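Okay, so here's the structure we're looking at.
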Amino acid sequence: LRQGLGKTRRNIVNQLKSIVGQGPLNQAAVMEIEALLLQADVGVEATDYIIEALQNQIKQAALPPDAAIAYLKKILRDMLDRPLQNCSPIFVPEKDRLNIWLITGVNGAGKTTTIGKLAHIAQKSGYNCLIGAADTFRAAAVEQVKVWGARSNVEVIANPGKNTDPAAVVFDAIAAAQARNTELLLVDTAGRLQNKKNLMDELSKIRRIVDKKASDARVESLLVLDATLGQNGLRQAEVFAQAAQLSGVVLTKLDGTAKGGVALAVVQQLNLPIRFIGAGEGIEDLRPFSSYEFVEALIG
Ligand code: GDP
């Protein structure tokens with residue numbers, strides 16, 4: 001992860017060290033940290049929060065460099081962990097029952113790749129896994145998901161017909177999952193943001209089918225977000241947050257950006273936990289999110 005976050009890290013670490021390394025943390029240094037955070041795409045809201053916390057602290061005591069860094073790390077970790085107050089800190093499918101993870105996100109964010117990587121992790125961890133290819137609008141998406149399925153030996157339920165109803169694919173995938181004692185069903189959904197109403201209708205229809213046909217399943221709805229889009233990605237995220245009952249975020253392409261700080265903006269603005277991060281195109285390049293690991297990779 002340290003390597004994956006290399007670009008952001010190079011951007012932040014050296015400057016941060018020189019800012020706080022000059023003596024006790026003071027007002028001028030806090031201003032410089034503010035600029036640094038904005039530059040890493042932490043976003044105005046999250047940056048304000050961090051700066052306020054730092055200012056409150058220096059009012060009480062001037063922090064020597066090491067303590068200042070440690071304190072900053074703690075603020076960041078606490079921010080990233082805050083959404084976990086409402087849900088489990090550990091994000092794994094429950095064994096011996098059906099878990100359904102709906103994967104949403106705008107086209108190009110890395111949805112298909114993430115599903116492939118998740119299927120791989122699940123398979124390796126001994127889960128009985130299945131993929132539902134409900135992004136039926138893009139024929140290529142279905143083909144691509146099949147390629148990923150084949151890589152990790154996970155079967156893909158798809159409907160070969162033209163203009164297939166995604167909800168019908170979800171229905172079939174749930175039926176297959178129930179017949180086979182599947183433990184994790186990963187569902188790829190459409191990501192056309194051009195038509196917001198269609199997208200919302202489609203996602204809510206899928207959700208209705210899931211709730212009705214698999215009422216005893218544990219359902220998670222994960223939004224895949226491209227970290228390289230920074231604040232723009234967040235605007236898209238808000239549309240999905242309205243359309244799908246999101247329970248978490250997968251942040252992809254952290255390897256390709258100097259704006260990895262967007263993770264903090266995501267959590268602050270959406271109040272959703274980040275559950276996985278993608279830092280590469282390969283099947284192994286997805287890992288469960290840990291605030292500790294992330295903050296260490298960012299500024300440790
Ligand atoms: P989808 O349209 O949302 O299904 O997106 P895809 O899964 O097809 O991914 C779009 C592009 O992003 C592909 O070229 C992927 O290889 C690439 N990609 C996905 N995740 C990552 C990541 O974590 N890091 C990098 N560098 N590329 C990624």
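The values are calculated or read from the model by the stated rules, or taken from the named source; none is laboratory data. For clarity, every value in this text was computed on a predicted model and none was experimentally measured. Every residue, glycine as well, gets a Cβ built from its backbone with ideal geometry; the counts of neighbours run over all protein chains shown. Accessible surface is based on the protein model in full, side chains and every heavy atom, while ligands, DNA and RNA are left aside. Shrake-Rupley method; radii C 1.70, N 1.55, O 1.52, S 1.80 Å.
Need the list of lysines near Lys197 for cross-linking: C-alpha distance under 18 angstrom, and skip anything on the same chain fewer than eight residues off.
Within reach: Lys205.
Given a cut-off of under 8 Å on Cα pairs at least six residues apart, what relative contact order in percent is computed for the chain? Could the numbers behind the result be given before it?
Values: 562 pairs, mean separation 83.1, N = 300.
Here the relative contact order equals 28 percent.
Using the Karplus equation 6.51 cos²θ - 1.76 cosθ + 1.60 (θ = phi - 60°), what ³J(HN,Hα) coupling, rounded to whole Hz, does each residue of region 64-73 give in order, writing x for Gly and Pro?
Listing the rounded values in order: x, x, 4, 5, 5, 5, 4, 5, 4, 4 Hz.
Go ahead and run the numbers for FRET between Ala61 and Gln85, Cβ-Cβ distance against an R0 of 35 Å, rounding to 0.05. Numbers along the way, then the final one.
On the way: r = 28 Å, r/R0 = 0.80.
Computed FRET efficiency for Ala61 and Gln85: 0.80.
Viscosity 1.306 mPa s, temperature 10 °C: give me the Stokes-Einstein translational D for region 193-300 in µm²/s, with Rh taken as the Kirkwood radius over C-alpha pairs.
On the way: Rh = 14.9 Å.
Using the Kirkwood radius from Cα pairs, D works out to 107 µm²/s.
Please report the accessible area of Glu32 (heavy atoms, 1.4 Å probe, ligands and nucleic acids excluded) in Å², nearest 10.
Solvent-accessible area, nearest 10 Å²: 100 Å².
For Asp135, which sequence-distant residues (separation of 5 or more, or a different chain) have an amide H within less than 5 Å of its own amide H, given hydrogens modelled in the peptide plane?
Answer set, sorted by chain and number: Asp188.
Ordered by residue, what ³J(HN,Hα) values in Hz, to whole numbers, does region 168-176 give under the Karplus form 6.51 cos²θ - 1.76 cosθ + 1.60, where θ = phi - 60° and Gly and Pro are x?
After applying 6.51 cos²θ - 1.76 cosθ + 1.60, I find 5, 5, 5, 4, 4, 5, 5, 4, 5 Hz.
Using the C-alpha gyration tensor of the chain, what are the square roots of 5 times its eigenvalues, in whole angstrom, with the largest one first? Intermediate values should be presented prior to the final figure.
Details: eigenvalues 302, 62, 56 Å².
Semi-axes (√(5λ), whole Å): 39, 18, 17.
Could you please put Ser221, Ser88 in sequence from largest to smallest accessible area, using a 1.4 Å probe? Write out the running numbers ahead of the final one.
Working: Ser221 5, Ser88 60 Å².
Most to least solvent-accessible, the answer reads Ser88, Ser221.
Just grab the label-to-label distance for Ser204 and Lys17, each label 7 Å out from Cα along the Cβ direction, in nm (one decimal).
5.2
Name the most mobile residue of Ala177, Ala214, Ala61, meaning the one with the largest mean-square fluctuation, in a Gaussian network model of the chain with Cα contacts below 10 Å.
Ala61
To check you understand DSSP bridge types, tell me what percent of the beta bridges within the chain (both residues inside) are antiparallel, rounded to 5.
Values: 3 of 30 bridges.
For the chain, the DSSP antiparallel bridge percentage is about 10.
For Glu238 and Tyr292 in one chain, what is 0.36 nm times their gap in residues minus the Cα-Cα distance, to one decimal in nm? Mind dumping the intermediate values first?
On the way: separation 54, 0.36 × 54 = 19.44 nm, distance 2.60 nm.
Net length gain for the segment: 16.8 nm.
Scale the Cα Rg of region 14-104 by the rule-of-thumb value 2.2 N^0.38 Å and send over the ratio, two decimals. If you can, show how the numbers build up before the last one.
Numbers: Rg = 17.7 Å, N = 91, 2.2 N^0.38 = 12.2 Å.
Normalised by 2.2 N^0.38 Å, the Cα Rg of region 14-104 equals 1.45.
DSSP beta bridges in region 143-300, what fraction antiparallel, as a percent rounded to 5? Show your work: numbers first, answer last.
Values: 3 of 11 bridges.
That works out to approximately 25 percent antiparallel.
Considering only Val156, Val106, Val92, give the residue with the highest GNM mean-square fluctuation for the chain, with springs between Cα atoms whenever their separation is below 10 Å.
Fluctuation is largest for Val92.
Check the straight Cα-Cα distances from Lys213 and name the aspartates and glutamates below 14 Å, setting aside those fewer than 8 residues away within the same chain.
Those aspartates and glutamates meeting the cut-off are Asp172.
Under the definition of Cα pairs under 8 Å and six or more residues apart, what whole-number percent is the relative contact order of region 23-124? Let's see the in-between values first.
Working: 38 pairs, mean separation 25.2, N = 102.
Computed over region 23-124, the figure is 25 percent.
Near the amide H of Ser221, under 5 Å away, which other amide H atoms are found, from residues 5 or more places off or on another chain, if H is placed in the peptide plane?
Sorted by chain and number, the residues that satisfy this are Leu102, Ser247, Gly248.
Starting at the first residue of region 225-234, write each ³J(HN,Hα) from the Karplus equation 6.51 cos²θ - 1.76 cosθ + 1.60 with θ = phi - 60°, in whole Hz, x for Gly and Pro.
Residue by residue, region 225-234 yields 10, 7, 5, 5, 7, x, 4, 5, x, 5 Hz.
Calculate the length of the line joining the C-alpha centroid of region 29-89 to that of region 234-265, in whole Å.
For region 29-89 versus region 234-265, the Cα centre distance is 20 Å.
Would you list, by chain and number, the lysines whose Cα falls below 26 Å from the Cα of Lys74, excluding same-chain residues fewer than 8 positions away?
The reachable lysines, counting only those whose Cα sits under 26 Å from Lys74, are Lys7, Lys17, Lys59, Lys253, Lys259.
With every protein chain left in place, what is the accessible area of Trp148 in Å² (1.4 Å probe, nearest 10)?
Roughly 20 Å² of Trp148 is accessible to a 1.4 Å probe.
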